[in-house]
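Each remark here refers to the structure printed beneath this line.
The values are calculated or read from the model by the stated rules, or taken from the named source; none is laboratory data. Bear in mind the structure is a predicted one, so any value in this text is a computation, not a measurement. In this analysis, Cβ positions are derived from the backbone assuming ideal geometry, glycine residues included, and neighbour counts consider all displayed protein chains. SASA here: full protein model, heavy atoms, side chains in, ligands and nucleic acids out. Shrake-Rupley method; radii C 1.70, N 1.55, O 1.52, S 1.80 Å.
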Amino acid sequence: MKNTPPSYRTVNTCEIQIPGPCCLVIFGASGDLTKRKLLPSLYLLHKNRVLPDRFFILGTGREKMTSEQFRAAMLAPVQEAYHKEFDQHAWQVFSDKLYYSPIDYANEASYAAGLRDKLPSLEREHQTGGTRIFYLAVPPTVFEDIINNLGSTGLSGDAQGNSRIVIEKPFGRDLASSCQLNTVLQKHFRERQVYRIDHYLAKETVQNILMFRFANSIFEPLWNRRYIDHVQITVAETLGVEHRAGYYEKAGVLRDMFQNHLFQLLAVIAMEPPPAFEADFVRDEKSKVFRSVRPWPLDHLDEFVVIGQYGTGMIDASPVPGYREEDGISVRSSTPTFAAMKIVIDNWRWNGVPFYLRSGKRLTSVATEIAIHFKQVPHAMFPETVGASIDPNTLVLRIQPNEGVSLMYQTKTPGSKVCLTPVIMDYSYPRSMELSAYEWVLLDCMQGDQMLFTSQDWVERTWSLLTPVIEKLEQTVTAETIPLYAAGSAGPPEAARLLSRDNRQWRPL
């Protein structure tokens, strides 16, 4: 099929490229992720006219149903997600592009009948030109079966177009399992075909960090050890384990949040400027950060890593159960629901600047933010009436909620001779952002842009650092020894001591 020039749609004075013709095959099409995230996001992209006209979705899974039944099953989740913005005509046009084919993930013959033999006729009907995107919205336990069977039935190749595979986290649960999964992928797909999703990277506020750093000349000269004292990265939740008990009991907070989300935030803050704003260059610089991270000393790990588990407490003035009282959780569980760690980056830019990361469930508030704490002024020139110390400048990048950027600085109090008052200069993002994180990653995958997806090198480097820590904790921490913290608090007291040891303290939640 002859290549056509890309088309664009203007959204908020900025042009968004509309992807070329393609089809999206969703494994796990009847599952929770598809209903809550994928189909509502795809519907909204269609409604906003940023999907290609030549496009269709083939849902597949173990559940037996027809295409008509699949369309009917997807209507309610989409209406629930966008009940005020739901458009019946837009849904009718969109739903005509939905199909379903049952499949047995472990049975190679099922892929031949349900996918290989079915896709060509749909591709001719919708004139998609052979570009296929396989989205694995399934548990990690079936990743390898699907990848191997796509390869063995010839569906992973590029002969008819540009086949891509999208994999949701978790990408492995340690270094060995991530390497194994990468080995299976390499057998059937090239790295340029592989899209490992971390939806945190697609948040507007995370994307903006790169623009904020590298498009503003007043900040980049200060972004180093000479002016920055330390960095705090926080991802706090008020929710408990909810419906994820089966997964969370095996994962814990380090696998669930640190290896992906928090390390991604660390990478965009600490990376060097790439030579160009292109996927390969940006991803290379992120990987370089973790080549410079100093491994944690396992013989005195408590000086760098703190974990905890939530007990009973109060959230929004309502009592909530402790982690071990949640459905599906063992009463002898030692799984951490909170962790804080100190990270040291041994390179020219960050030598001597500690990075403190923390994340936990059932904390006092919801907050995802990065706080850049600048150094104290080098000389206290003001009279003693000002006080023994002046609060240093702090730049806060709020990822969610209340997305925005704030800078705290000192000014003279009006009416006084020498009296300082901290003032916050604040910018808040507009309440109505055009595209959500899932909508961005879906569009970028269709366009073949890997900027918002993690590379094999990045995955293996982060796991190589974190795996020894997890193994050490699992060998030494028991239900009796894991620190407990009350639901609705800021975490275990040991987390505060992690910073007080360095004469610092966490920002209040």
*Can we say Asp145 is surrounded by fewer than 22 Cβ atoms within 10 Å (Cβ to Cβ), out of contact with any Lys or Arg (no Cβ under 9 Å at 6 or more places or on another chain) and either β-branched (Val, Ile, Thr) or within 29 Å of Leu201 (Cα to Cα) (or both)?*
yes
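Being without any contact (Cβ under 8 Å) to a residue 24 or more places away in the chain, loosely packed, with under 14 Cβ neighbours inside 10 Å and over 21 Å from Leu239 (Cα atoms) is the requirement here; does Pro275 meet it? First the steps, then the outcome.
Details: without any contact (Cβ under 8 Å) to a residue 24 or more places away in the chain: yes; loosely packed, with under 14 Cβ neighbours inside 10 Å: yes; over 21 Å from Leu239 (Cα atoms): yes.
Taking the combined requirement at face value, the residue satisfies it.
Quick one: how many residues across the range 321-347 are within 18 Å of Ala245 (Cβ to Cβ), surrounded by 14 or more Cβ atoms within 10 Å (Cβ to Cβ) and under 27 Å from the mean Cα position of the chain (by Cα)? It would help to see each step written out before you state the result.
Of the residues in the range 321-347, the ones within 18 Å of Ala245 (Cβ to Cβ) are 321-338.
The next check asks that each one be surrounded by 14 or more Cβ atoms within 10 Å (Cβ to Cβ); those that pass are 321-324, 326, 329, 333-338.
Then drop every residue that is not under 27 Å from the mean Cα position of the chain (by Cα), which leaves 322-324, 326, 329, 333-338.
Count: 11.
Only one of Ala251, Ala267 is assigned to a helix (DSSP H, G or I), closer than 21 Å to Pro140 by Cα and touching a residue at least 24 places away in the same chain (Cβ under 8 Å); which? Break it down into steps so the answer makes sense when it comes.
Details: Ala267 fails: closer than 21 Å to Pro140 by Cα.
Sole residue among the options that is assigned to a helix (DSSP H, G or I), closer than 21 Å to Pro140 by Cα and touching a residue at least 24 places away in the same chain (Cβ under 8 Å): Ala251.
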*Please give the number of the condition Arg49 fails out of (1) surrounded by fewer than 16 Cβ atoms within 10 Å (Cβ to Cβ); (2) modelled with pLDDT of 95 or more.*
(2)
*asked:* Could you check the range 348-376 and list, in sequence order, the residues that are in contact with a strand residue (DSSP E or B) (Cβ under 6 Å, 6 or more places away or on another chain), open to solvent by 20 Å² or more (accessible area, probe 1.4 Å) and charged (D, E, K, R)?
replied: Arg362, Glu369, Lys375
*Identify, please: which residue in the range 471-508 is more than 27 Å from the chain's Cα centre (by Cα) and closer than 19 Å to Pro297 by Cβ and is, among those, most open to solvent (accessible area, probe 1.4 Å)?*
Gln475
_the range 80-104, residues that are hydrophobic (A, V, I, L, M, F, W, C), buried (at least 16 other Cβ atoms within 10 Å of the Cβ) and in a helix (DSSP H, G or I)_ = Ala81, Ala90, Trp91, Phe94
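So, in the range 41-65, how many residues would count as being assigned to a loop (DSSP other than H, G, I, E, B), closer than 21 Å to Gly130 by Cβ and in contact with a Phe, Trp or Tyr (Cβ under 9 Å, 6 or more places away or on another chain)? I'd like the intermediate steps shown before the answer.
If we filter the range 41-65 for residues that are assigned to a loop (DSSP other than H, G, I, E, B), which is where we start, we get 48-54, 62-65.
Remaining after also requiring closer than 21 Å to Gly130 by Cβ: 51-54.
Among the residues that remain, those that are also in contact with a Phe, Trp or Tyr (Cβ under 9 Å, 6 or more places away or on another chain) are: 51.
Of the residues in the range 41-65, 1 are assigned to a loop (DSSP other than H, G, I, E, B), closer than 21 Å to Gly130 by Cβ and in contact with a Phe, Trp or Tyr (Cβ under 9 Å, 6 or more places away or on another chain).
When you go through Leu155, Leu150 one by one, which is the residue that is buried (at least 22 other Cβ atoms within 10 Å of the Cβ) and of a type in the set (A, V, I, L, M)?
Details: Leu155 fails: buried (at least 22 other Cβ atoms within 10 Å of the Cβ).
None of the others qualify; the one that does is Leu150.
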_Subset of the range 295-320 [open to solvent by 80 Å² or more (accessible area, probe 1.4 Å), assigned to a loop (DSSP other than H, G, I, E, B) and in contact with a helix residue (DSSP H, G or I) (Cβ under 9 Å, 6 or more places away or on another chain)]_ = Pro295
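Considering Tyr485, Tyr438, Tyr409, which residue is at pLDDT 85 or above and either part of a helix (DSSP H, G or I) or more than 28 Å from Glu85 (Cβ to Cβ) (or both)? Before you say what the answer is, go through the steps one by one.
On the way: Tyr438 fails: at pLDDT 85 or above; Tyr409 fails: at pLDDT 85 or above.
The conditions single out Tyr485.
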*Taking the residues in the range 210-247 that are open to solvent by 60 Å² or more (accessible area, probe 1.4 Å) and of a type in the set (D, E, K, R) as candidates, determine which candidate is nearest to Asp346 (Cα to Cα).*
Arg225
